[in-house]
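A quick write-up on the structure given underneath.
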Amino acid sequence: MKVKKIGIVSLSSGVLGEDFVKHEVKIGVERLKQYGIEVDFLPHALKGMDFIREHPECRAMDLLSAFKDDSIDMILCAIGGDDTYRLLPYLFENNELANAVKQKIFLGFSDTTFNHFMLNKVGIKTFYGQSFLSDICELANEMLPYTRKYFEELIFTGRIKEIRPSDIHYKEREDFSENGIGVDMESYPNKGFELLKGEAVFGGKILGGCIDSIYDIFDNTRYEDTVSLCKKYDIFPKLEEWKGKILLLETSEEKPEPELFRKMIGHLKQYGIFDVVTGVLVGKPQDEIYYGEYKDILLEELSYKDLSLVYNINIGHATPRCIMPFGVDAEVDVKNQVIRFIE
């Protein structure tokens, strides 16, 4: 068993500490304990939405503490949110993060995309794709089998060897109240990885995340200081650092309208990222909303580039979810429907 103790952090939303999710938290903690894992909620993780919103410095403190505590093998994010960029000054002003980190498992997705970029900046390899509330606390009688398979591989071995498509995908749950306990989600057949263009086999280290969060690095619509803070702390990798990498993109539960999605891709295009990466992996949109529209936009916007474009990966905001290692050599093989990781 690789993981003996998990530290749970609220780096974005503070919903973990609210009464209306207590039944979910209980399910999640019991599941982790069944694996023999000790669960440690970092000091501010359960303080609730208002406190977490008002105290980004406390969120940063929890992340630093989780890295410094040698008894914690794995840092697990409670859930996403939309303002974890506000941790930047508290992690980078005096090299706080660089001085605290050591290589250990860090898992989260959605707004946590920013935290992945922060950790990438200080040389830490991370894992993208699942969170405590969204996955471990699943209200059905067990975790979704495909999701659980990757989570178990990570806690038992400390790595992910390969990713294959799920046979099914689910209609997202709407009722998260106690009435949802034991209720299964509706499932539908899944298509598998789709090669939209380019070579079917390609390689590189993967980095990226939720395109809605990445867009905030270039656009001030959501918060007026995202662009300036991200620039000040140099959070988005420079073009030369993207060279030879594979870009991962997935859309949030906000299900951006096609026009906005095109704008998001446009910002990345302008940055020059598609000129230097070897390929792009795109997650399945939640509930397959705008599935065809996003695909058409990607093909239109990236038609000029000789790069591989793979669609419908089970990563991000659609369930079930795999876990993708960042910073590890990967070989994508669409013909054989597999992404392999070589360590």
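The values are calculated or read from the model by the stated rules, or taken from the named source; none is laboratory data. In this text the structure is predicted, and so the values were computed from the model without any measurement. Note that each Cβ is placed from the backbone with ideal geometry, even for glycine, and that neighbours are counted across all protein chains shown. Surface areas here come from the heavy atoms of the whole protein model, side chains and all, with no ligands, DNA or RNA. Shrake-Rupley method; radii C 1.70, N 1.55, O 1.52, S 1.80 Å.
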Check your understanding: Which of Lys121/Lys232; Lys161/Lys243; Lys102/Lys243 have a Cα-Cα distance over 19 Å?
Key -> Lys161/Lys243; Lys102/Lys243
Review point. Which of the GluC sites (Glu not before Pro) found in segment 147-218 are loop residues per DSSP with 12 or fewer other Cβ atoms within 10 Å of their Cβ?
Key: Glu174, Glu186
Point to revise | Residue-normalised accessible area of segment 222-319, given per residue in Å² at a 1.4 Å probe | key: 42
Check your understanding: Any idea of Arg164's accessible area? Nearest 10 Å², probe 1.4 Å.
Key -> 90
Point to revise | Neighbour-limited loop hits for GluC sites (Glu not before Pro), segment 48-95 (at most 13 other Cβ within 10 Å; DSSP other than H, G, I, E, B) | key: Glu93
Revision key, fill the gap. With a 20 Å threshold on alpha-carbon distance, the violating pairs from Lys171/Lys284; Lys205/Lys238; Lys4/Lys68; Lys191/Lys295; Lys2/Lys26 are Lys2/Lys26
Point to revise | Computed helical MRE - 222 nm, the chain, DSSP H runs ≥ 4 contributing -39500 (n - 2.57), nearest 500 | key: -9000 deg cm²/dmol
Revision key, fill the gap. Using a 1.4 Å probe on heavy atoms of the protein chains only, the accessible area for Lys47 in Å², nearest 10, reads 100
Exercise for review: Enumerate the helices in the chain for which the Kyte-Doolittle hydropathy averages -0.5 or more and the C-alpha atoms extend at least 15 Å along the helix's axis, using complete DSSP H runs.
Suggested key: 56-68
Check your understanding: Taking square-rooted eigenvalues a ≥ b ≥ c of the alpha carbon gyration tensor, is segment 38-104 rounded, prolate or oblate, where a/c under 1.5 means rounded and, failing that, a/b exceeding b/c means prolate?
Key -> oblate
Exercise for review: Report the accessible area of Asp287, computed with a 1.4 Å probe over the heavy atoms of all protein chains in place, in Å² rounded to the nearest 10.
Suggested key: 60
Check your understanding: If each Cα of the chain is one equal point scatterer, what is log10 of I(q)/I(0) from the Debye formula at q = 0.14 Å⁻¹?
Key -> -1.16
Exercise for review: Could you list the square roots of 5 times each eigenvalue of the Cα gyration tensor of segment 131-271, that is, the equivalent ellipsoid semi-axes, sorted largest first and rounded to whole Å?
Suggested key: 31, 21, 17
Exercise for review: Could you tally the net charge around Phe236, taking each other residue with its Cβ under 11 Å from the Cβ of Phe236, Lys/Arg +1 and Asp/Glu -1?
Suggested key: 0
Revision key, fill the gap. Order by accessible surface, 1.4 Å probe, largest leading, for residues Phe176, Phe51, Phe109 comes to Phe176, Phe51, Phe109
Study note, to complete from the structure: Note to self: C-alpha centroids of segment 1-47 and segment 240-300 sit apart, in Å, by 32
